Amino acid sequence: MASRRIGGVLLAGSRALSRQHGLTGASAADSQILQRHLQFSRFSYSSAAGGESKKILGVFFAAHEYAKNPEFLGCVENALGIREWLESKGHKYVVTSDKDGPDSELDKELADAHILITTPFHPAYMTKERLAKAKNLELLVTAGVGSDHIDLHAAAEKGLTVSEVTGSNVTSVAEDEVLRILVLVRNFAPGWKQVSEGGWNVAAVVHHAYDLIDRTVGTVGGGRIGQELMKRLKGFGLKEMLYYDRNSLGAEREKELGCKRETDLDTMLSKCDVVVVNTPLTDQTRGLFNKERIAKMKKGAYLVNNARGAIADTEAVKEACESGHLGGYGGDVWNAQPAGKDHPWRYMPNHAMTPHISGTTLDAQKRFAAGTKDMIDRWLKHEAFPEQNYIVREGKLASQYL
Ligand code: NAD
């Protein structure tokens, strides 16, 4: 294994050294980031300051050179900024970005971990089989919102607790949804691409560009993000703002948001120029936007989905964008992440797709890092979490996941 020296630290193969210091997977050993990590690692597992020592395992994406920004908490290098705190209490904190395949670091480290931290942005798919192998596991914390990457029924059967930092990034996502609606309706992306490549062709953009004013927008899901979106769209002079949800927001809240509830999804879809998905991925919502449902939408309507990729059928969306039945599709979530190079949503016409970014701005990271720390702190002190953070508790799933 090749050795190299970075900033005075001899790296005996970045992977091995990183692993030794609880920073496993990817090329996490780079430069100052590793030094900062080593500095924090001086507390040993055996020096627990009283109480039980726990092994906490975190799975985050690797940020490499971008991790130099200390505000960038949500990556494997900075690991939510909780290493010093956990280690000072005598706990062992191992982090990795290596999450897929049977020989992943995640699988190796999971065997004796007590607490698992994952994020929806680099989802560690916690299948029933994986959970079965995690003999010591007690708690799974999602640093963010959306725990569908965990088999929640299997977690409930095993008596595990699953929690999210509920509300931590809902404004981040709602802002992004406003952006994506406008990117699609105004046909922004082709214009940006054109000038970046040295071109100039007004017609090629405006033949498919509209205003949002006087249009009807509907959100499927009127929970936290749905309501934040409706609040933000109030100033756009829409014809109607509609929502479809199992629960009514009540007359007062509807008045405040300027919205109207539709109790039948297809009826709402037939009225909307723009539809935004804001439900969790559950057994009921998986594949909700299939060929038949998309056919119920107005011809040329736009679909925005920052909720979960698997709520929309990959082929049906692609075909609808190609045929023009959908005026465009935008979102940051994919049915498996990272998305494969050949994923059709990368190449279909009129898309506004990005990697999973909307809920992980630096501001959102700060909030979900603080929320994760708070829950781990409470767990270690045997204290309860804020009620809305429980996703699986004592064998039961939270209502939004049923
Ligand atoms: P929330 O729990 O506040 O709201 C979800 C709403 O969906 C609830 O009002 C619920 O009643 C409704 N719902 C659930 N199943 C339904 C069904 N079958 N039919 C009708 N309504 C149904 O959640 P939220 O904070 O608004 O987040 C929603 C989802 O957005 C998350 O579960 C997550 O998947 C996704 N999300 C994505 C990002 C991102 O970065 N892209 C970030 C945060 C959340």
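The values are calculated or read from the model by the stated rules, or taken from the named source; none is laboratory data. The structure presented is a predicted model; accordingly, all values stated were derived computationally and were not measured. A quick note on method: Cβ atoms are made from the backbone with ideal geometry, for glycine too, and the neighbour counts reach across all protein chains shown. Side chains are part of the model used for accessible areas, which takes the heavy atoms of the whole protein and leaves out ligands, DNA and RNA. Shrake-Rupley method; radii C 1.70, N 1.55, O 1.52, S 1.80 Å.
A compact table of results
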item	result
Top of ALA203, ALA369, ALA132 by mean-square fluctuation, Gaussian network on the chain, Cα under 10 Å	ALA203
Only Lys, Arg (+1) and Asp, Glu (-1) charged, at Cβ; the range 169-353 dipole about Cα centre in debye	140 debye
Charge context of LEU238, other residues only, Cβ under 13 angstrom, K/R +1, D/E -1	+3
Chymotrypsin sites (Phe, Trp or Tyr not before Pro) restricted to the range 302-402 and DSSP loop, no more than 14 other C-beta within 10 Å	TYR347
Rounded FRET efficiency, nearest 0.05, which uses the C-beta distance separating ASN247 from LYS296 and R0 of 22 Å	0.50
Cα gyration tensor category, rounded, prolate or oblate, for the range 67-106 with a/c compared to 1.5	oblate
Links that overshoot a 30 Å alpha carbon limit, given the list LYS260/LYS366; LYS135/LYS396; LYS255/LYS373; LYS128/LYS298; LYS108/LYS396; LYS108/LYS373	LYS260/LYS366; LYS255/LYS373; LYS128/LYS298
Kirkwood Rh in Å, taken over the chain so that all alpha-carbon pairs contribute	22.5 Å
Under 13 Å from the Cα of LYS55 - aspartates and glutamates, other chains or at least 8 residues apart	GLU87, GLU109, ASP112, GLU138
Lys, Arg +1 and Asp, Glu -1 on Cβ, resulting dipole of the range 94-231 about Cα centre, debye, nearest 20	300 debye
Reachable lysines, given that their alpha-carbon falls under 20 Å from the alpha-carbon of LYS291 and they are not under 8 places away in the same chain	LYS271, LYS299, LYS318
Apportionment of accessible area to carbon and sulfur, the chain, percent (1.4 Å)	52 percent
Nonlocal amide H pairs with GLY331, under 5 Å, H built at 1.01 Å	ASN305, ALA352, MET353, THR354
The range 133-220: GluC sites (Glu not before Pro) in DSSP loop, at most 16 other beta carbons within 10 Å	GLU138, GLU197
Computed magnitude of the charge dipole of the chain (debye, nearest 20; Cβ of K, R +1, Cβ of D, E -1)	440 debye
Residue-normalised accessible area of the range 169-353, given per residue in Å² at a 1.4 Å probe	47 Å²
Using alpha-carbon coordinates, inclination of helix 170-185 to the longest axis of the chain, degrees	40 degrees
Protection proxy ranking of 60-67, 189-196, 359-366 - average other beta-carbon atoms within 10 Å, highest first	359-366, 60-67, 189-196
Environment charge at GLU175 (Cβ cut-off 15 Å; Lys +1, Arg +1, Asp -1, Glu -1)	+1
Coil-residue trypsin sites (Lys or Arg not before Pro) of the range 258-357, DSSP, other Cβ within 10 Å capped at 14	LYS299, LYS341
